[in-house]
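Below: the structure, in C-alpha cells.
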Amino acid sequence: MLLNRFEYHLMNNPFRAALQRHVEARRLLRMGGPVSGGRALEIGCGRGVGAGIVLDRFGAETVDAFDLDHRMVRLARRRLARLGDRAHVWTGDASAIPVPDETYDAVFDFGIVHHMPRWRDALAEVWRVMKPGGRFYAEEVLRDVLAHPIIRRLFHHPEDDRFDRKDFLAGLEQAGFIPVASRETLRSMAWFVADKPPTY
Ligand SMILES: C[S@@+](CC[C@H](N)C(=O)[O-])C[C@H]1O[C@@H](n2cnc3c(N)ncnc32)[C@H](O)[C@@H]1O
C-alpha cells in the first residue's frame, strides 16, 4: 500500500534517516550481528537510507532494494548511485519479488510489512528468496499503535488482520523461519531477527 502524503514526508527527511541509522539499525545489529559479505535485499527501501546502512553498517557486499512507490525508487537510485554495482534498485511489490529462490544471504525490512494487506504472503516471499542459512532482520509497527485514533487519522494502513509481536513471530514460524531474537517497545514497535534453516 502506498504511503499517504503525511507519511511520505515523515519518511523523507533527515530525522527519519538519523532514527533509522542510530536507533533501528543499531538495535538490529545488536540483535542479529553483521552480514559480513554476501548478497542482501531490502524490501520497501523508501529513499534508500536502509540499503546504504546494509552495506556500510551490516557489511553486506551488495544490496538489492525495491519499493512499490516509483518516487521512492527515484530517490533511492539517486542516493545509492555512488555505490555503482554494489547497489541495484527497482520498483516492485514485496508480495511477488522478481528473483529466483534462494538468492539472498540476508533480507531487511525497515517498517514495510505492516503496509501490506496480506503480510503473511510477504514473509513467505522473503523466505523463498533467502538462501538456506540466511538471516531476516525486521523492524515493524504493531497493531496497537496502528489502531490508535490519532494514527488512523494521520496515516493510511490496512486495517484488517494486523499483528502484535506474538502474531509476527507466529507468522515467521509459519513461513519456515526460526526466530533468533525479538524486542518490543511500548507495544508499538518491534524488532525481529529470524533465520532460514540451513539444509544439511
Ligand atoms: C514506512 S515506509 C518505510 C520506508 C523505508 N524502509 C524507511 O525505513 O524509511 C514503507 C515503505 O514501504 C513501501 N511499500 C508499501 N507496500 C509495499 C509493497 N507491497 N512492496 C514494496 N514496498 C512497499 C512504501 O512505498 C514505503 O516506501
Checklist entry - Can you tell which of ALA51, ALA60 is open to solvent by less than 30 Å² (accessible area, probe 1.4 Å), more than 13 Å from the ligand (Cβ to nearest atom) and either in a helix (DSSP H, G or I) or in contact with a Gly (Cβ under 7 Å, 6 or more places away or on another chain) (or both)? => result ALA60
Item to check | Filter pass, ASP109 being acidic (Asp, Glu) and out of contact with any Asp or Glu (no Cβ under 9 Å at 6 or more places or on another chain) | outcome: no
Item to check | When residues of the stretch 133-154 are limited to those that are open to solvent by less than 40 Å² (accessible area, probe 1.4 Å) and of a type outside the set (Val, Ile, Thr), the one nearest to the ligand (Cβ to nearest atom) | outcome: GLU139
Item to check | THR103 being over 17 Å from MET130 (Cβ atoms), of a type in the set (Ser, Thr, Tyr) and over 14 Å from the mean Cα position of the chain (by Cα) | outcome: no
Checklist outcome for this item: Within the stretch 5-44, the residues that are in a loop (DSSP other than H, G, I, E, B) and open to solvent by less than 40 Å² (accessible area, probe 1.4 Å) are ASN12, ASN13, GLY33, VAL35, GLY37, GLY38, GLY44
Next on the checklist: Name the residue that is surrounded by the most Cβ atoms within 10 Å (Cβ to Cβ), counting only residues in the stretch 98-127 that are of a type outside the set (A, V, I, L, M), closer than 22 Å to PRO34 by Cα and within 15 Å of the ligand (Cβ to nearest atom).
Outcome noted: PHE108
Next on the checklist: Restricting to the stretch 63-83, name every residue that is of a type in the set (D, E, K, R) and within 9 Å of the ligand (Cβ to nearest atom).
Outcome noted: ASP67, ASP69, ARG71
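The values are calculated or read from the model by the stated rules, or taken from the named source; none is laboratory data. Just so it is clear, the model here is predicted, and its values are computed rather than measured. Methodologically, a virtual Cβ is constructed for each residue, glycine included, from the backbone with ideal geometry; neighbour enumeration extends over all protein chains shown. With ligands, DNA and RNA removed, areas are computed over all heavy atoms of the protein, side chains included. Shrake-Rupley method; radii C 1.70, N 1.55, O 1.52, S 1.80 Å.
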